[in-house]
Amino acid sequence: MSANDDIDWIRRQEAELVFDAFDEGVAFDLGAAVRARALAQNLPVVVDIRTFDRPLFYAALPGSDASNPDWTRRKINVVRRFLRSSYRMVLEQGRPDRTFKPGEGLDVSDYVLAGGGFPITVRNAGVIGAIAVSGLPERDDHAVTVDALCDHLGRSRDELALPAASD
């Protein structure tokens with residue numbers, strides 16, 4: 001599967017994984033589901049869910065490290081700036097150094113091209129926040145977020161998951 005195919009697939013995920021409403025309770029339920037999966041599968045991740053004005057859920061799982069919270073923060077900044085998945089930005093930008101082009105004016109201490117950040121979109125309101133996972137390879141971080149959103153929104157993981165990466 002090519003990067004362009006993945007980009008199209010992620011656009012579909014972003015268009016279809018939309019909430020009717022989102023509040024603190026939804027954030028908690030979503031975050032708790034990611035935490036439960038991470039514990040059951042021994043995933044060494046951090047999960048961070050926030051609206052663009054405040055944090056709503058945070059959990060650090062065994063095996064995560066001190067850098068993971070910063071990675072989630074920078075992924076959320078990318079979602080906030082571009083209103084799209086951070087993994088989609090990785091694929092669209094195609095920059096192996098994980099930084100934005102100098103002309104973008106985005107400081108590496110605040111923005112990173114790394115998968116795992118996904119927009120929280122509310123119908124008739126737009127993107128109001130983000131969920132970010134850090135600790136796994138970026139495609140897997142992205143998959144954990146998409147799986148959690150599918151489960152919460154009653155969507156089929158099989159229909160929306162990215163196809164297996166080609167080597």
Open item on the list: So PRO62 passes all but one of these: (1) farther than 27 Å from ASP29 by Cβ; (2) in a loop (DSSP other than H, G, I, E, B); (3) at pLDDT 95 or above. Which condition number does it fail?
Closed with: (1)
TODO: Filter region 128-138 down to residues that are closer than 17 Å to PHE57 by Cβ and not small (Gly, Ala, Ser) and give me whichever is surrounded by the fewest Cβ atoms within 10 Å (Cβ to Cβ).
DONE: ILE128
TODO: Give the number of residues within region 10-30 that are out of contact with any helix residue (DSSP H, G or I) (no Cβ under 6 Å at 6 or more places or on another chain) and under 15 Å from PRO119 (Cβ atoms).
DONE: 10
- [ ] Answer with yes or no whether PRO96 is at pLDDT below 95 and surrounded by fewer than 12 Cβ atoms within 10 Å (Cβ to Cβ).
- [x] yes
Open item on the list: Can you pull out every residue in region 122-167 that is more than 15 Å from ARG84 (Cβ to Cβ), small (Gly, Ala, Ser), modelled with pLDDT of 95 or more and within 17 Å of the chain's Cα centre (by Cα)?
Closed with: SER134, GLY135, ALA143, ALA148
Task: Within region 65-97, considering residues that are of a type in the set (A, V, I, L, M) and touching a residue at least 24 places away in the same chain (Cβ under 8 Å), the one farthest from ALA132 (Cα to Cα) - done: LEU91
Open item on the list: So if I check each of ALA38, ALA21, which one is touching a residue at least 40 places away in the same chain (Cβ under 8 Å) and exposed (fewer than 12 other Cβ atoms within 10 Å of the Cβ)?
Closed with: ALA21
TODO: Among the residues of region 116-127, write down those that are under 16 Å from ASP53 (Cα atoms) and surrounded by fewer than 22 Cβ atoms within 10 Å (Cβ to Cβ).
DONE: THR121, VAL122, ALA125, GLY126, VAL127
TODO: Evaluate region 139-147: report whether one residue or more is closer than 26 Å to SER2 by Cβ and exposed (fewer than 13 other Cβ atoms within 10 Å of the Cβ).
DONE: no
TODO: Return a yes/no flag: does region 49-58 have any residue that is among the acidic types (Asp, Glu) and surrounded by fewer than 13 Cβ atoms within 10 Å (Cβ to Cβ).
DONE: yes
- [ ] Considering (1) surrounded by 12 or more Cβ atoms within 10 Å (Cβ to Cβ); (2) under 16 Å from the mean Cα position of the chain (by Cα), say which one ALA15 fails and leave the rest.
- [x] (1)
- [ ] Quickly run through region 45-59 and pick out the residues that are over 14 Å from GLY25 (Cα atoms) and either among the hydrophobic types (A, V, I, L, M, F, W, C) or touching a residue at least 40 places away in the same chain (Cβ under 8 Å) (or both).
- [x] VAL45, VAL46, VAL47, ASP48, PHE52, ALA59
- [ ] Determine which member of the set LEU113, LEU106 is among the aliphatic types (A, V, I, L, M) and crowded, with 22+ Cβ neighbours inside 10 Å.
- [x] LEU113
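The values are calculated or read from the model by the stated rules, or taken from the named source; none is laboratory data. Source: prediction; values computed, not measured. FYI the Cβ positions are ideal-geometry reconstructions off the backbone, even for glycines, and counts take in every protein chain you see.
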